[in-house]
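The values are calculated or read from the model by the stated rules, or taken from the named source; none is laboratory data. Just so it is clear, the model here is predicted, and its values are computed rather than measured. Using ideal geometry, Cβ is built from the backbone for each residue, glycine included, and neighbour counts are taken over all protein chains shown. Note: accessible area is taken over every heavy atom of the protein model, side chains too, but ligands, DNA and RNA are not part of it. Shrake-Rupley method; radii C 1.70, N 1.55, O 1.52, S 1.80 Å.
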Amino acid sequence: MKTHPMKLVTVVCEALARVPLLQLLKSHGVHGYTLFPVEGTGARGERPADIEEFANIQVEVIVPAAVADALVEKLHRDFLPQFAAIVYVTAVEVLRPEKF
Amino acid sequence: MKTHPMKLVTVVCEALARVPLLQLLKSHGVHGYTLFPVEGTGARGERPADIEEFANIQVEVIVPAAVADALVEKLHRDFLPQFAAIVYVTAVEVLRPEKF
Amino acid sequence: MKTHPMKLVTVVCEALARVPLLQLLKSHGVHGYTLFPVEGTGARGERPADIEEFANIQVEVIVPAAVADALVEKLHRDFLPQFAAIVYVTAVEVLRPEKF
Amino acid sequence: MDWWEGVLANLASPPIVFFALGVLSVLLRTDLRLPEPVYTALATYLLMAIGFKGGVALAESGWSQVWRPGLAAVLLGCCIPLWCYPVLRRLVRLSPVDAAAVAAHYGSVSAVTFVAAVNYLNELRVPYEPHASAFLAVMESPAIVVGVLLGRLTQPQAAAEGGLPWRQVLHEALLGRSVFLLLGALAAGAICGARGEEATRGFFVAPFQGVLTLFLFEMGMVAARRLGELRRVGLRLIAFGLVMPMVHGAVGVVAGHFAGLSPGGAFLMGVLAASASYIAAPAAMRLSLPQANPTLYLTAVLAVTFPFNVTLGLPLYYQLARWWLGGLP
Amino acid sequence: MDWWEGVLANLASPPIVFFALGVLSVLLRTDLRLPEPVYTALATYLLMAIGFKGGVALAESGWSQVWRPGLAAVLLGCCIPLWCYPVLRRLVRLSPVDAAAVAAHYGSVSAVTFVAAVNYLNELRVPYEPHASAFLAVMESPAIVVGVLLGRLTQPQAAAEGGLPWRQVLHEALLGRSVFLLLGALAAGAICGARGEEATRGFFVAPFQGVLTLFLFEMGMVAARRLGELRRVGLRLIAFGLVMPMVHGAVGVVAGHFAGLSPGGAFLMGVLAASASYIAAPAAMRLSLPQANPTLYLTAVLAVTFPFNVTLGLPLYYQLARWWLGGLP
Amino acid sequence: MDWWEGVLANLASPPIVFFALGVLSVLLRTDLRLPEPVYTALATYLLMAIGFKGGVALAESGWSQVWRPGLAAVLLGCCIPLWCYPVLRRLVRLSPVDAAAVAAHYGSVSAVTFVAAVNYLNELRVPYEPHASAFLAVMESPAIVVGVLLGRLTQPQAAAEGGLPWRQVLHEALLGRSVFLLLGALAAGAICGARGEEATRGFFVAPFQGVLTLFLFEMGMVAARRLGELRRVGLRLIAFGLVMPMVHGAVGVVAGHFAGLSPGGAFLMGVLAASASYIAAPAAMRLSLPQANPTLYLTAVLAVTFPFNVTLGLPLYYQLARWWLGGLP
Ligand SMILES: Nc1ncnc2c1ncn2[C@@H]1O[C@H](COP(=O)(O)O)[C@@H](O)[C@H]1O
Ligand SMILES: Nc1ncnc2c1ncn2[C@@H]1O[C@H](COP(=O)(O)O)[C@@H](O)[C@H]1O
Ligand SMILES: Nc1ncnc2c1ncn2[C@@H]1O[C@H](COP(=O)(O)O)[C@@H](O)[C@H]1O
Ligand code: NA
Ligand code: NA
Ligand code: NA
């Protein structure tokens, strides 16, 4: 089965950043995303999942490499300075590349 | 520490496809899986996590490369045409390869 | 945008191992982690998410390659013999490498 | 009480006001959200409570009074998809498999609409057969089976090309979570009897209307989140989702009357006929007729028919029962 | 009843005892945890219940009695941040943007503290204006708007450098989830009236104090999880979080009295002024003044002011009202 | 009432009927599922309610009446693992560490079984010591400590090879979530007294039996999901899980009687002895004796002993108390 290389961009951030993050993704032409409710600890303290607003979310989007570059650039400039978040990119292989 | 290359096959799909998906995995001799309740948006609309049946799940299985190929083939043929889903494959390194 | 290679170490284990696992991570100088409540099936039976104590968690940490090696070694020696768990490592690219 | 008074009384009842509030909260993008486990817990509670109370009543009234209206409910469930299908094919211009799937939804029933109707009668102090939830229980599955049959007959390759084998279709239709829970709670009520009801009154009876209010608040959000899809389903299907419930409501009231029910009971039968399933049927269709487009049926049922029924529909069907059968305040 | 008796009565009431138990469970690392959906469900219930009951009362008492204390509440909300800001700048030595954010929190209100205060009055059988939750509803937003204004005026580049545009700031302040839910439930109560209250009494009234008890148990854990951050915020901010509520409590009691409230109502106004927001304000600040450090405001509000208010604060503000206004047991 | 009548009365009570329904829903693969947060919320509620009511009673009855049966409970908890261990080694043929782990479970207690027993007495209007939940609270930990001791003594290298240090074992045993919650709620009840109980009656008392019913419905599903593991544990362990509770039930009734309890209280002591822990003990064993196989103890406790106790066990232990001690209806 032929698979096609794509980039999986992952953002872990405070749940309050949900709306701005999804808007940012949309404005970059991302066609879909998957969102996980998570708990976490990082440089900016613990985020126990006891109150939704103060917990974390993880958002994953699969995009072509070129889009990934632009998206990461944008996240670095406009998202990371404001919110408790980390961003990373993984190489994946997808079926049906036309979807992404 | 010696680690061993394996494939992580990820399926994000509507929660209603849970039983058929797990059956398909089982019939391919997959020894284990991990399942996440998720929210998502894609070509087939938003899937907010408000009613369990209409939300998404993400299922991850770690398998040897050969099994991954067969599994992806099967998913492509029998699963993707019927359900709102995406499938992708990531290269990972595991401990204790005999488990997978 | 320049990204930097790191390792994502993933542990899927029984929820009861939460405290020992987080202690182990902390003692290895891990600066942050992300934790998902998950369901799963593996060699040691099904872990449906019906009672929190008997469900699974997935913990992900991003660390430099050297730390990943030491961590995996430690997990192999002290964690895997005692708990129902799997461990795997993925190559990722991060922004702001000084955080990890 | 005329229709307009009935509408106002219904619109000013806590469950409906909070339903509207839920809709509004989505329209205003307030970020309110009730997590999925809360939805599941509330839905489970409502089905358990209504089934249990129905079962206690069933054990007291005995089978002799139940089989005729029960049979009427099953027949209604089987027949509604049969006439919805041609309407959906010709007037709404859906593909065969989409028409079959939508038809199944309108033949099946919505437990929450039924609960709101029972509540409406209680508010007006109108008597009705207390075992009426048994009709709800038996009316959920037949239309699903008929719908799958329609879909597979009209598109024979569909059955081959995916979709569950028949054994599993029946399992899905007869043992879906809501059908099982309702039938199970009915049986539990019949077993435990009045004494069991007495013991659990503080949980299943006293807070019931309040829980329904909270649940309809959540349903308002659920429905409103699908409003955006309205433009994808077309005006014809929207019209179907408004007109057919009225037709079915009328048919149901008449059927209930001829099956021997009191005016209150006939009203409930009308509500069941008018209501459309949004849990059991979508789940079954997704697995049994996967080629059908879920946006069509989910949107029609959740964003059109359900809101219509709980706000304007209930008083309308009540008036029908009042005009035709009399004896209602 | 003197102050000490009042403290003991409050400390021995189920909500406060369970609050302490929640704190203890975190300190002893017992691994107790109530999942987030439970928190959301309980918080929604409390806001719905209190808003609904207030709305029913509002419809009965009429607007004429409400506008004066309502206006007082809004004015208090606007002014508190104005005097907190210089205190936070000079005495607590926060940066301008941090001072603005913290000031917004202390001008806004905590619904749970208010609910605990109402409970306290009910326990003592003290009468109060039953529509008082309307003041809670209108007092949540103004301080948030003023706080953002302060932050952006004092650091003009902040507005440019991120943070929402003003339209969204207002949306966040006026349609945050708790403001919307409270206002909505007030409207619902006003629409449904006494009859609607009667119907939902078994859910919104009978179990209310017990639900509050369970919720405060969870709040004890939530607060205690932030205790570890206390050393990050500095003694000065901790002192602020203890002293300012007392000042505001006194101001609020007086304001309530001059706005025409009964002694019970004036006490509630004092509690509102003294309380600090831990949901609406943090959410709004995070999005509107993202440069402000959330550890500062969250810790001060959750780990200092909230526990102080529900344990020692309530009896204190009650004594103030009793000494100054009389007529209280 | 003879044994068979007692069985029927128990089997027809709402909690047990819904327990059976939960089991059935898993056997029929209905896809019903109550999410984990609902489980946690219900379990927390039940422990809080029972502990709180017990604490109120404790404050009234005073320590003098409590210490003898309390001591009996602790002693029973310590001794049961001592005789279970050789039985599990020789007759069931488990390895030393597995035998120790299973023994700990049967010495510890199940709060839900206890609650069902209290409910059973209430249904029959049999009086019992209202502070009996104190015995539940003190009987949870001792067996866990003894079990870990047994496991580590018989396999000295086990302690070295992993497993927590003793300080943490004790923390786990004495401050596990259910022990802490029960003891805390007992203390809360003792502090708040009758007045606090009055205030929270609408939450902790009125809906209690209904909540128990919903919880046992979920427990039915939880237990049934482990039925598949039965073939992994062997017939001998299954027999152990059926026979030992009867032995312990008899011992507990006698011990309760000699410790000065009323027949109703002695029955409850019998139930405690007969019950086996499925939360506190598994969690503690997993961390303290990680070499033990969790499938063995979880399956025996959840899929064998728990269902047996709540269905047939309760009426059986009741009959024992009735025959031996008299004075029961
Ligand atoms: N090294 C890491 N590995 C995995 N997740 C992390 C790591 N650092 C931070 N995170 C996640 O990112 C969130 C925000 O991080 P921070 O801004 O460092 O507090 C944390 O709450 C964690 O969920
Ligand atoms: N580009 C994407 N990146 C991440 N997840 C996606 C993407 N596209 C779709 N998904 C997920 O896959 C589900 C099904 O996708 P679809 O069939 O396109 O609606 C969506 O609900 C998302 O959870
Ligand atoms: N092959 C696999 N792929 C994905 N997850 C797995 C796999 N095997 C095990 N797991 C996860 O790891 C947990 C512990 O595995 P085990 O110790 O094999 O029971 C399981 O409950 C699953 O969540
Ligand atoms: Na119908
Ligand atoms: Na305030
Ligand atoms: Na025991």
Which whole-Hz ³J(HN,Hα) couplings does the stretch D:115-129 yield from phi under the Karplus relation 6.51 cos²θ - 1.76 cosθ + 1.60, θ = phi - 60°, glycine and proline marked x? 4, 5, 5, 4, 4, 4, 5, 4, 4, 7, 6, 8, x, 7, 5
hull vol. (C-alpha, convex hull) per residue for the protein assembly as shown, Å³ -> 167 Å³
Evaluate Rg over Rh across the stretch E:1-84, taking Cα atoms for both radii and Kirkwood's formula for Rh. 1.10
Other chains' Cβ within 10 Å of E:23-30 residues: what's the mean? 3
3J(HN,Hα) from dihedral phi, the stretch F:25-41, Karplus parametrisation 6.51/-1.76/1.60, rounded to Hz, x for glycine, proline: 5, 6, 4, 8, 6, 7, 6, 5, 7, 9, x, 3, x, 5, 4, 4, 5
Quick check: pseudo-label points 7 Å beyond the Cα along Cα→Cβ at E:T154 and E:R232, how many nm apart are they? 2.1 nm
Suppose R0 equals 51 Å. What FRET efficiency, 1/(1 + (r/R0)^6) with r the Cβ-Cβ distance, do A:E46 and B:H76 give to the nearest 0.05? 0.75
Where nothing but the Cβ of Lys and Arg (+1) and of Asp and Glu (-1) is charged, how large is the charge dipole of the stretch F:201-285 around its Cα centre, in debye to the nearest 20? 220 debye
How would you rank F:136-148, C:74-86, highest first, on the average number of other Cβ atoms within 10 Å across their residues? F:136-148, C:74-86
Give the span of the stretch E:22-65's Cα atoms along each principal axis, as three whole-Å numbers ordered largest to smallest. 52, 19, 9
Label chain F by shape, choosing from rounded, prolate and oblate, from the square roots a ≥ b ≥ c of the eigenvalues of the Cα gyration tensor; if a/c is under 1.5 it is rounded, and otherwise prolate applies when a/b is larger than b/c, oblate when it is not. rounded
For chain C, take the longest principal axis of its alpha carbons; what is the angle in degrees between that and the long axis of helix C:18-27, to the nearest 10 within 0 to 90? 20 degrees
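First compute the accessible area of the stretch E:128-263 with a 1.4 Å probe, then give the percent of it belonging to carbon and sulfur atoms.
On the way: 3370 of 4960 Å².
It is 68 percent, rounded to a whole number.
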Descending Cα extents along the principal axes, the stretch F:44-87, whole Å: 41, 29, 7
Average partner coverage of E:169-181, which counts Cβ from other chains inside 10 Å: 3
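Carbon and sulfur: what percent of the stretch F:35-107's accessible surface (1.4 Å probe)? Each step should come with its number before you reach the end.
Values: 1770 of 2650 Å².
Result for the stretch F:35-107: 67 percent of the exposed heavy-atom area is carbon or sulfur.
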At the nearest 100 Å², what buried accessible area, both sides summed, do you get for A and C when the probe is 1.4 Å? 1800 Å²
Considering the alpha-carbon set of the stretch E:162-260 alone, what are its Rg and its Dmax in angstrom? 19.4, 52
Result for interface chain B to chain D, accessible surface buried in total, 1.4 Å probe, Å² to 100, stands at 1600 Å²
Where Rh is the Kirkwood radius over the Cα pairs of the stretch E:210-262, the temperature 37 °C and the viscosity 0.692 mPa s, what D in µm²/s does Stokes-Einstein return? 237 µm²/s
Rule-of-thumb Rg ratio for the stretch E:94-167 [Cα; 2.2 N^0.38 Å; N residues]: 1.49
From the backbone phi of the stretch D:92-101, what are the Karplus-calculated ³J(HN,Hα) couplings (6.51 cos²θ - 1.76 cosθ + 1.60, θ = phi - 60°) in whole Hz, Gly and Pro given as x? 8, 6, 8, 5, x, 6, 5, 4, 4, 5
Once a ≥ b ≥ c are taken as the square roots of the eigenvalues of the Cα gyration tensor of the stretch F:93-217, is the result rounded (a/c under 1.5), prolate (a/b larger than b/c) or oblate (a/b not larger than b/c)? prolate
Which residue is it, in chain D, whose C-beta lies closest to the D-to-E rotation axis, and what is that distance in whole Å? D:P37, 3
Electrostatic dipole magnitude of the stretch B:1-55 [Cβ: Lys, Arg +1; Asp, Glu -1; Cα centre; debye, to 20]: 480 debye
Label 7 Å along Cα→Cβ of B:K2; the stretch C:53-96 residues with amide nitrogen under 19 Å? C:69-78, C:80-81, C:87-89
In whole percent, and with a 1.4 Å probe on the protein chains, what portion of the accessible area of chain B is carbon and sulfur? 57 percent
To the nearest 10 square angstrom, what accessible area does A:D69 show with a 1.4 Å probe? 90 Å²
To the nearest Å², the heavy-atom accessible area per residue of the protein assembly as shown with 1.4 Å probe amounts to 34 Å²
Per the charge dipole of the stretch D:83-191 (beta-carbon charges, Lys/Arg positive, Asp/Glu negative, Cα centre), the residue among D:A173, D:A116, D:V102 reaching farthest to the positive end is D:V102
Debye intensity ratio in log₁₀ form over the Cα atoms of the stretch F:1-153, taken at each q of 0.11, 0.21 Å⁻¹: -0.62, -1.20
I'd like the interface area for chains F and E: accessible area of each alone minus the complex, both sides summed, 1.4 Å probe, protein heavy atoms only. What is it in Å² to the nearest 100? 2100 Å²
Which cross-chain or sequence-distant (5 or more) residues have an amide H under 5 Å from the amide H of F:L94, H modelled 1.01 Å from N in plane? F:R89
For the stretch D:271-329, just the Cα atoms, rotate onto the principal axes and tell me the three extents in Å, largest first. 47, 18, 13
In the stretch C:57-98, what residues drop by 50 Å² or more in accessible surface going from the chain by itself to the full protein assembly, probe 1.4 Å? C:H76, C:Q82, C:I86, C:Y88, C:V89, C:L95, C:R96
Where a ≥ b ≥ c are root eigenvalues of the Cα gyration tensor, a/c under 1.5 meaning rounded, otherwise prolate if a/b exceeds b/c and oblate otherwise, the stretch F:187-329 counts as oblate
One decimal, nm, shortest first: give the distances between the label point of E:G327 and those of the same position in the other copies, each label point 7 Å from Cα along Cα→Cβ. 5.7, 5.7
